[in-house]
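Participant: Attaching a single structure in structure tokens format; questions to follow.
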Amino acid sequence: MVGKKNSRNASSRQSPSNRGEKKDSQHQQIQGDLEAGDQHSDRLFRDLGSNLDRLKKDMGGSRDLVIREIVARNFGRKVAFVYIEGLVDTTSVSEFTIQSVLNEIKQFASEAELEEAWELNQEAEEGGFEGDVLGQSVDKFSQGLDEDHRGTRFEVDEKFLRLFKEKTLAAGEILEISEWSKLYLHLLSGDTLLFIDRIGTAIIASTKGGERRSVSEPESQTVIRGPREGFTESIRTNTALLRRKIKSPNLWLEEMQLGRVTQTDVGIMYIHGIVDDKNVEEVRKRLSVIDIDGVLESGYIEELIENTNKTIFPTIYHSERPDVIAASLLEGRIAILVDGTPFVLLLPTTFNMFFQASEDYYSRFDVGSLIRVLRFSSFIIGLLLPSFYVAIIGFHQEMIPTSWLLKLAVQREGVPFPAFVEAFIMETVFEILREAGVRMPRSVGNTISIVGGLVLGQAAVEAGIVSPVVVIVVSLTAIASFVSPAYNIGIAARMLRFIMLISASLFGIYGIACTLLMMVLHLCSLKSLNVPYMAPYAPIILSDLKDSMIRTPRDHMKKRPKLINKNDPVRFREGAMGNQQAGRDENEPHKTQDPGEV
């Protein structure tokens, strides 16, 4: 061992003149690296201390920035692990990154060999880099992987980086990053950075984790029969939920970062071979032109990629149920997932989708059809009932039976306001109560809404401000507005309700008819990703009407929506076994048992 050490020391010693030349050459090389770093400020430094200093400066000395430095004398290097506390999986950081490096250091050599390698490295730094002084320190680490240890300093650095990745780190996903902009994106996404002295490249180990909300039942779209799982705020959890339902390699995922400051992960999911490629390209184009500081929820993207924002109707459907998104992907639609929100966007969207629920397909077709008819009827009731009351009381009293008209006249005898003002006051009060119930704590929100509505309604009737009929009309309208499974279409109906009230107060039923006509014309002019919003009603598509206001039996819905899917329109095929069984039953004679065999 001593002889080996002396021979190494002898080979590393140089004459003063040669040492001075090597030192000047090394100084010029380092100076060139620093000048290159000034010219390209986005490139990492080769010096570990410089990288850590810039990292601390750019992060403002944040306390959640964890830096763990390790002196790997047997490697002849200093290394540092950097991660953000709370964004990483501490088990992965400890066991698969830091601990794996420490174990490799311990198994490399004895303490005497560690000190020897460290002294050789220090002499190389002081006296210049000649031959392969560092190559000798990583010789045992390579264990015969590469016998040629001769080369320049940069070649040895590249070899050391490759061997370090292949033989030391136990993390599942490992990348190399040499730009600060990309490095910060990985660091703030929960990955662990590994800096190595004299190497201008950082190793990225995937250690994403931290506190996350577990998969639970969605609150906005509850069902009696069906899965009880919903999306979470983690985009990777959401993509996994979809892949569990669609186990096909054709389910493709494209990801990008949107937001100059937030760098939010946004994913596009679709089924290759079923989706229309033109629609995918259009979604890519609309997302690529978004230039905004931050994307905190999918609503940011929804407003920026829709065809027009001059409408109160939602032209992009969103859901937090994986089964709903999976069923839409099978129809040829495109899902947009945003990290940080459980609501996934769907394109293209039609008006008919807002009255459909996943539960319709889990029940018999007749039950699902009845429930859909109730939803459409409730939408019409919630939209038109108050305005019809105002129109009949103010303009068309002859439509009311005489006995009922007399009772209404008696009830309204002490009311100082016209029917329009009555309905407007009660609708406004109800909207205030509903919003208060949503914003208040859950334990008291429902109580406030129910008790507040009963108390205020009864008090208003007793005080003579409104008539009892108005309270009944507003209550029925409120109940009908909650029937729709999509919350955003209910908001559109609430806004239109006030417009209908104004039209009814001015022109009666004729005003309601004209407003309805304009609303239908407006709906027919809308498009979602260049697909007519009112399909399959306008234009009329007979094959798609089988899954519209009513749902026909499943074996009758053999084709996907015509305007959405053109590549693979057939979704229900007769099985080969079913065809063979049917052919055998038709062609072969039915064998009966001989009575004599009994």
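Participant: Given Cα pairs under 8 Å that are at least 6 residues apart, what percent is the relative contact order of segment 248-395? Spell out each step's value before the answer.
Facilitator: On the way: 180 pairs, mean separation 30.9, N = 148.
Normalised by residue count, the contact order of segment 248-395 is 21 percent.
Participant: Which ³J(HN,Hα) values in Hz, rounded to whole numbers, follow from the phi angles of segment 53-63 under the Karplus curve 6.51 cos²θ - 1.76 cosθ + 1.60, where θ = phi - 60° and Gly and Pro get x?
Facilitator: Result, rounded to whole Hz: 5, 5, 4, 5, 5, 5, 7, x, x, 4, 6.
Participant: Describe numerically, in nm with one decimal, the distance between label points set 7 Å from Cα along Cα→Cβ at I550 and at E303.
Facilitator: Taking the simple label geometry, I550 and E303 are separated by 4.2 nm.
Participant: With +1 assigned to the C-beta of every Lys and Arg and -1 to the C-beta of every Asp and Glu, and no other charges, what is the dipole magnitude of segment 229-327 about the Cα centre in debye, to the nearest 20? Provide the component values of the computation, followed by the final result.
Facilitator: Working: 12 positive and 17 negative charges, 68 e Å.
With only Lys, Arg, Asp and Glu charged at Cβ, the dipole is about 320 debye.
Participant: Something else about it: When ligands, DNA and RNA are left out and all protein chains stay put, how many square angstrom of accessible area per residue does segment 291-335 have with a 1.4 Å probe?
Facilitator: On the way: 1680 Å² over 45 residues.
Per residue, segment 291-335 has 37 Å² of solvent-accessible surface.
Participant: Give me the percent of accessible area attributable to carbon and sulfur for segment 188-333, probe 1.4 angstrom.
Facilitator: Working: 3290 of 6650 Å².
Taking all protein chains in place, segment 188-333 shows 49 percent carbon and sulfur surface.
Participant: Another one. Considering only protein heavy atoms, what per residue accessible area in square angstrom results for segment 395-530 with a 1.4 angstrom probe? If you can, show how the numbers build up before the last one.
Facilitator: Working: 7730 Å² over 136 residues.
Counting only protein heavy atoms, the per-residue value for segment 395-530 is 57 Å².
Participant: Not counting ligands, DNA or RNA, and with a 1.4 Å probe, what is W404's accessible surface area in Å² rounded to the nearest 10?
Facilitator: Counting only protein heavy atoms, the figure is 140 Å².
Participant: Given R₀ = 22 Å, FRET efficiency for E69-Q263 by Cβ-Cβ distance, to 0.05? Walk me through the numbers on the way to the answer.
Facilitator: Numbers: r = 27 Å, r/R0 = 1.24.
Step by step, r from the Cβ atoms, then E = 0.20.
Participant: Could you calculate the contour length gain from F507 to D568, that is, 0.36 nm times the residue separation minus the distance between their Cα atoms, to one decimal place in nm?
Facilitator: On the way: separation 61, 0.36 × 61 = 21.96 nm, distance 5.02 nm.
Contour length minus Cα-Cα distance gives 16.9 nm.
Participant: Restricting to Cα pairs below 8 Å that are 6+ residues apart, what does the relative contact order work out to for segment 216-329? Please round to a whole percent. Display every interim value, and only then the final one.
Facilitator: On the way: 114 pairs, mean separation 34.9, N = 114.
Reported relative contact order: 31 percent.
Participant: Given a cut-off of 19 Å, name the pairs among K285/K527; K208/K285; K310/K527; K278/K562 whose C-alpha atoms lie farther apart than that in the structure shown.
Facilitator: On the way: K285/K527 17 Å; K208/K285 29 Å; K310/K527 12 Å; K278/K562 15 Å.
Exceeds cut-off: K208/K285.
Participant: Same structure again: Sequence-distant or interchain residues sharing an amide H contact under 5 Å with I334, placed H: which?
Facilitator: L347
Participant: Let me ask you something else. Quote to one decimal, in nm, the extra length available between L175 and F417 on full extension: 0.36 nm per residue of separation minus the C-alpha distance between them.
Facilitator: Details: separation 242, 0.36 × 242 = 87.12 nm, distance 7.25 nm.
Separation in residues times 0.36 nm, less the Cα-Cα distance, equals 79.9 nm.
Participant: List the relative contact order of segment 423-558 as a percent without decimals, with contacts defined as Cα pairs under 8 Å and 6+ residues apart. Write down the numbers at each step before the final one.
Facilitator: Details: 68 pairs, mean separation 15.7, N = 136.
About 12 percent, as a whole number.
Participant: While we're here: Work out how much length Y184 to K56 would gain on full extension: take 0.36 nm times their residue separation and subtract the Cα-Cα distance, in nm to one decimal. Before the final figure, lay out the partial values.
Facilitator: Details: separation 128, 0.36 × 128 = 46.08 nm, distance 1.19 nm.
My answer for the length gained is 44.9 nm.
The values are calculated or read from the model by the stated rules, or taken from the named source; none is laboratory data. Given the structure is predicted, the values throughout are model-derived calculations rather than measurements. So basically every Cβ, Gly included, is an ideal-geometry build from the backbone, and we count neighbours across all protein chains shown. In case anyone asks, the SASA skips ligands and DNA or RNA and just uses the protein heavy atoms, side chains included. Shrake-Rupley method; radii C 1.70, N 1.55, O 1.52, S 1.80 Å.
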